[in-house]
Amino acid sequence: MTNRRRVPVVLALGLTWSVAAQAEPVVSGVQGSVSHGVSVTIEGSGFGQKSPASPVVWDDCSGTDPGEKWDFVYPYSNDPEFRLTYRTPGEVQKAGGKTGGVALPHEHVTRYFAGAHYNSGPTDAHAGYNVCAGKNGQEGATYTYISFYSAIDPDWHFVFDNPDPAENDHNFKEYDWAAGTGYMGSGPNLYFGRPQVAESSSTWGANYYEGMNAKVFGVDPAVMNYYPSTGGIFGTVSVPTPQTGWHKVELVLKHGSDDGFHRVYQDNVRVWDADVNDDQLGSPAARAETVFGGYAREAGSTDEYKNNWRYYADVYYDHSLARVVLADAATYADATVVEPQIPSAWSDGSISIDINQGRLADGAEAWVYVFDATGTPSTGYAVTLGQGAPAGGGG
């Protein structure tokens, strides 16, 4: 068994190497009131370049049709009142004629994504088994950064007593990278999941072996186990499951390269860290990326499945690791609330953003972090929400 991460080795034979280290980003000021929806300017140095400045998708569920931002949204052929779309909690219909989904994740949104693993008729891939959204045509992507809030309904109908034990595994999937178009593409794909979603806490898992010819080079043994002889790969950090309420999920990925990686964070806790070439499949060339959601075993047409709702909010999707984050701690690793901001202009010394306050409370102190294109963060710069930066700023 080997759980070690790869360590690159450089052999120099009579050669002299000169390596200029890139300076870490430095935030020196914030101009404007740091309040939800307000545009402010971050000043500093070492931010690098990001073009376009804006993410591929920012979806706070304030629109009218998810199809305006997403290329595929499932389910789409089941009963309309259970399809994935923007909803208020009061628009969620449940078993027994009840109404009312989970509360909103915070006060800065009025709706969330909600979709159920239910259909009054037969259930299939388009009518109940899959609740998710994503983008086609992502074959040119090297990096992916995703952030969203996730929850499932606390009245979810879990199955434990199917005569076939394999049908009792819940098979709750989250995210997908696939060859082709749509969820799971034409067949070859890989995904993450929550194997023990019925428990109050669980580890994360992944399936790298469904046709993308992925190769795992190693993992961080602090958070994972990997067994090369069998291909077994498992997360070891247990975190609350989505049935316990809202949790922030982040995916930081590099695709199709021998120096690629997959890192997953929940509430800023690292739960998955693997060195992996996730895509060595040549044909078909098209790639689809399911940004949030996926398959669940527990889908059906009887009344209890009307409780099997997934909820998502504040979905940020990009193909750059460069980003701006507001967090609730002066040291990023100590933060438990991390909210990506929405950039509109980006240069090496100045970034314009629209404030996404998320779960950060009005009047609270928060810290601005700028990540460059390598994913390296600045030191936190202190601000008070609803105001500008305090005198001196910094962390």
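Just so you know, all these numbers are worked out from the coordinates, no wet-lab data involved. Keep in mind the model is a prediction, meaning the values are calculated, not measured. All Cβ positions, even for glycine, are placed from backbone atoms using ideal geometry, and neighbour counts span all protein chains on display.
For SER186, the residues 5 or more places off, or on other chains, whose built amide H falls under 5 Å of its own are ALA179, GLY180, THR181.
GNM remark for the chain: springs join alpha carbons under 10 Å apart, and the peak mean-square fluctuation among PRO163, PRO221, PRO240 falls on PRO163. In this structure, SER201 and ALA286 have a Cβ-Cβ separation that, at R0 = 35 Å, corresponds to a calculated FRET efficiency of about 0.40. Legend: ranking of residues ARG83, ARG359 from fewest to most surrounding C-beta atoms inside 10 Å; resulting order ARG359, ARG83. The HN-Hα couplings worked out from phi for region 244-257 by the Karplus form 6.51 cos²θ - 1.76 cosθ + 1.60 (θ = phi - 60°) are 7, x, 6, 9, 7, 10, 10, 10, 10, 10, 10, 9, x, 8 Hz, whole numbers, x standing for Gly and Pro. What percent do you get for the relative contact order of the chain when only Cα pairs under 8 Å and 6+ apart count? Across the chain, relative contact order equals 26 percent. Taken one residue at a time, the phi angles of region 33-42 give Karplus couplings (6.51, -1.76, 1.60, θ = phi - 60°) of 7, 7, 10, 3, x, 8, 8, 9, 10, 9 Hz. Gly and Pro are set to x. Cβ-Cβ distance of SER186 and ALA364, R₀ of 51 Å, FRET efficiency by 1/(1 + (r/R0)^6): the value works out to about 0.60. Put simply, the convex hull of the Cα atoms in region 285-395 casts, on average, a shadow of 11.1 nm². Cross-link partners of LYS94 among lysines, defined as those whose alpha carbon lies under 19 angstrom from its own and excluding same-chain residues fewer than eight positions apart: LYS306.
All other residues with a Cβ under 13 Å from the Cβ of SER45 taken together, and with Lys, Arg as +1 and Asp, Glu as -1, what is their net charge? Don't jump to the answer; show the numbers that get you there.
Working: positive: none; negative: GLU24, GLU43, ASP348, ASP372.
Taking every other residue near SER45 into account, the sum is -4.
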